[in-house]
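**Q** Here's a structure for you.
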Amino acid sequence: MTTLRPELSIDRLIAELQMLGAISEADPPVVTRVVFGEADLRARAFVKRLCVDAGLSVSEDPIGNTFARWQGADPDLAPIGTGSHIDAIPNAGLYDGCVGVLGGLEAIRTLRRLGFTPRRSIELVIFTSEEPTRFGIGCLGSRMLASALSPGQARLLRDKQGRGLDELRTATGFTGALESVAHPPGRFEQFVELHIEQGPELERKGVDIGLVTHIAAPASLRIVVEGEGGHAGATLMPGRKDALAAAAELVLALERAAKSTGAIDTVATVGICDVFPGAVNSIPSRVQLEADVRDIDGPRRDSVIRTIQSVCYEVQERRGVTVASEIVNADPPATCDVAILTALEESANAAGKTHQKMVSRAYHDSLFVARIAPVAMLFISCRGGVSHRPDEYASPESIGAGVHVLARTLAQLAS
Ligand code: GLV
Ligand code: MN
Ligand code: MN
């Protein structure tokens with residue numbers, strides 16, 4: 001294992017990351033891969049081919065979660081899992097999720113090249129739709145795997161064009177009963193996910209590896225404001241029921257509510273604002289907002305949600321519009337497993353990498369896998385802490401450090 005570093009094929013991994021990034025609905029360097037879209041399907045095919053070439057046996061479940069298994073000496077034991085996602089939000093970059101998938105694959109290939117034989121199988125997982133882009137809910141595949149979203153609830157999901165989850169998944173080849181996606185505790189012995197930090201801490205401190213102890217609690221809300229449309233010139237200001245003006249109050253109220261907790265860990269964002277009918281000379285009659293609220297403290301996050309719900313009521317009464325708010329998801333935070341964190345720490349020390357404990361403010365598939373298995377995550381730095389943007393960048397050195405530590409950890413956990 002001490003010779004592991006030269007065995008890592010980081011140049012090939014970087015080339016594969018770039019090839020995967022080129023599979024996009026947008027022109028380079030922009031990466032957009034929405035679940036069950038054409039680019040998502042091509043990206044899946046690309047990664048599955050690499051897994052097969054690496055000698056792994058690949059299977060898929062009815063939601064499209066993909067499992068690439070390296071059979072261990074004792075195949076009856078629950079496997080050690082690793083992996084992440086390859087879907088990408090609109091206008092994204094190369095590394096979010098993909099480093100955990102292709103880096104996990106490279107860790108497995110490295111161990112195979114070294115002649116290591118795992119006692120437990122090692123399974124690389126590519127989770128479906130970690131990003132909420134299409135169906136408005138994040139971590140779709142891992143959420144269903146961990147029974148945090150039932151098949152019945154999943155069947156109600158629709159995209160903006162009104163196409164249902166079942167219609168879309170079956171049209172793209174993922175057939176079979178959604179009931180078989182869920183697994184009880186024990187599906188994985190342990191699970192470890194490599195990811196870019198998506199924040200600035202590691203780079204600022206010059207630390208190689210972040211050992212994630214907690215994953216923050218995400219929530220999202222859909223707020224629909226119905227007002228009264230009309231001619232923008234001929235309808236005078238008194239008595240107007242402008243849905244966008246009302247929605248604007250809600251956006252600012254949410255920002256105030258997040259700041260007012262006094263905790264730096266509370267964050268809130270309105271990332272979607274759909275205005276109907278969307279004509280410059282027409283008063284908006286309907287606005288749909290989608291808001292994202294997070295904190296490492298679940299009850300504090302929930303207090304922000306309660307505040308915005310009461311502002312919705314107040315704006316409705318004062319402006320004579322109707323405001324309906326719906327909590328799409330409000331997930332609890334996850335705590336990472338001490339034994340896996342210890343293995344990661346020992347691996348980082350053995351690899352000569354500096355490390356620090358930290359919290360993940362972004363959510364990840366591990367948040368849900370944590371419901372059925374012990375999990376931990378390791379972070380590597382990304383330039384300027386930038387993510388969910390085309391200029392997202394992680395250096396070959398930091399990717400190499402992450403894969404090195406992951407490979408050692410997988411070897412230790414699977415032995
Ligand atoms: C995941 O992409 C997140 O938004 O945290
Ligand atoms: Mn993301
Ligand atoms: Mn991600």
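**Q** Just give me the residues in segment 106-142 being within 16 Å of ligand 3 (Cβ to nearest atom) and outside any loop (DSSP other than H, G, I, E, B), in sequence order.
**A** Result: LEU124, VAL125, ILE126, PHE127, LEU140, GLY141, SER142.
**Q** Among the candidates SER347, SER415, SER387, which residue alone is open to solvent by less than 40 Å² (accessible area, probe 1.4 Å), more than 15 Å from ligand 1 (Cβ to nearest atom) and over 14 Å from GLU193 (Cβ atoms)?
**A** SER347
**Q** Another question, if that's okay. How many residues does segment 219-262 hold that are under 30 Å from ILE296 (Cα atoms) and either assigned to a strand (DSSP E or B) or at pLDDT below 95 (or both)?
**A** Matching residues across segment 219-262 total 7.
**Q** Tell me which residues, restricted to segment 365-379, are assigned to a strand (DSSP E or B) and more than 16 Å from ligand 1 (Cβ to nearest atom).
**A** Within segment 365-379, ALA376, LEU378 qualify.
**Q** Looking at ALA362 and the list (1) among the aliphatic types (A, V, I, L, M); (2) more than 16 Å from GLN198 (Cβ to Cβ); (3) within 16 Å of ligand 1 (Cβ to nearest atom), which single condition is not satisfied?
**A** It is condition (2) that ALA362 fails.
**Q** What is the number of the single condition among (1) crowded, with 23+ Cβ neighbours inside 10 Å; (2) within 16 Å of ligand 2 (Cβ to nearest atom); (3) more than 19 Å from THR170 (Cα to Cα) that ILE89 does not meet?
**A** All conditions pass for ILE89, except number (1).
**Q** Only one residue in ALA107, ALA22, ALA92 is within 23 Å of PRO396 (Cα to Cα) and free of Cβ contacts under 8 Å to residues at least 12 places away in the same chain, so which one is that?
**A** Of the residues listed, the single one that is within 23 Å of PRO396 (Cα to Cα) and free of Cβ contacts under 8 Å to residues at least 12 places away in the same chain is ALA22.
**Q** Hey, another quick one. Out of all the residues in segment 92-103, is one or more in contact with a Lys or Arg (Cβ under 8 Å, 6 or more places away or on another chain), within 16 Å of ligand 3 (Cβ to nearest atom) and not in a loop (DSSP other than H, G, I, E, B)?
**A** Looking for residues that are in contact with a Lys or Arg (Cβ under 8 Å, 6 or more places away or on another chain), within 16 Å of ligand 3 (Cβ to nearest atom) and not in a loop (DSSP other than H, G, I, E, B), one finds at least one in segment 92-103, hence yes.
**Q** Would you mind stating whether SER325 is farther than 23 Å from LEU413 by Cβ, assigned to a strand (DSSP E or B) and open to solvent by 40 Å² or more (accessible area, probe 1.4 Å)?
**A** So SER325 fits the description; yes.
**Q** Further question: Tell me which of these ASP96 doesn't satisfy, since it passes every other one: (1) open to solvent by 10 Å² or more (accessible area, probe 1.4 Å); (2) of a type in the set (Asp, Glu); (3) in contact with a helix residue (DSSP H, G or I) (Cβ under 8 Å, 6 or more places away or on another chain).
**A** Looking at each condition in turn, ASP96 falls short on (3).
**Q** On the given criteria, is GLU326 more than 16 Å from ligand 3 (Cβ to nearest atom), out of contact with any strand residue (DSSP E or B) (no Cβ under 9 Å at 6 or more places or on another chain) and farther than 25 Å from ASP96 by Cβ?
**A** no
**Q** A further question follows. Residues in segment 385-402: is at least one over 19 Å from TYR95 (Cα atoms) and among the small types (Gly, Ala, Ser)?
**A** No, that holds for no residue.
**Q** Next question, about the same structure. Could you list, in sequence order, all residues of segment 1-29 that are in a loop (DSSP other than H, G, I, E, B) and either open to solvent by 40 Å² or more (accessible area, probe 1.4 Å) or within 15 Å of GLY97 (Cα to Cα) (or both)?
**A** Correct list: MET1, THR2, THR3, ILE23, SER24, GLU25, ASP27, PRO28, PRO29.
**Q** I would also like to ask the following. So which residues in segment 275-303 are over 23 Å from the mean Cα position of the chain (by Cα) and either open to solvent by 70 Å² or more (accessible area, probe 1.4 Å) or acidic (Asp, Glu) (or both)?
**A** Listed by number, the residues that qualify are PHE276, VAL280, ASN281, ARG286.
**Q** So ILE89 clears everything in (1) in contact with a Leu (Cβ under 9 Å, 6 or more places away or on another chain); (2) in a strand (DSSP E or B); (3) not small (Gly, Ala, Ser) except one condition, right? Which one?
**A** Against the list (1) in contact with a Leu (Cβ under 9 Å, 6 or more places away or on another chain); (2) in a strand (DSSP E or B); (3) not small (Gly, Ala, Ser), ILE89 comes up short only on (1).
**Q** May I pose another question? When the residues of segment 169-201 are filtered to those that are part of a helix (DSSP H, G or I) and among the aliphatic types (A, V, I, L, M), which remaining residue is surrounded by the fewest Cβ atoms within 10 Å (Cβ to Cβ)?
**A** ALA171
**Q** Turning to a different aspect of this structure: Considering only segment 70-86, state which residues are crowded, with 23+ Cβ neighbours inside 10 Å and in a loop (DSSP other than H, G, I, E, B).
**A** If the condition is that a residue be crowded, with 23+ Cβ neighbours inside 10 Å and in a loop (DSSP other than H, G, I, E, B), then PRO79, ILE86 are the ones that fit.
**Q** Can you find a residue that is of a type outside the set (Val, Ile, Thr) and open to solvent by 30 Å² or more (accessible area, probe 1.4 Å) anywhere in segment 100-112?
**A** So far as segment 100-112 goes, yes, one or more of its residues are of a type outside the set (Val, Ile, Thr) and open to solvent by 30 Å² or more (accessible area, probe 1.4 Å).
**Q** Could you please give the count of residues in segment 58-69 that are within 16 Å of ALA414 (Cβ to Cβ) and either open to solvent by 20 Å² or more (accessible area, probe 1.4 Å) or polar (S, T, N, Q) (or both)?
**A** Here the count works out to 1.
The values are calculated or read from the model by the stated rules, or taken from the named source; none is laboratory data. All values reported here derive from a predicted model rather than from experimental measurement. Note: ideal-geometry Cβ built from the backbone for every residue, glycine included; neighbour counts use all protein chains shown. Note: areas computed on protein heavy atoms with side chains; ligands, DNA, RNA excluded. Shrake-Rupley method; radii C 1.70, N 1.55, O 1.52, S 1.80 Å.
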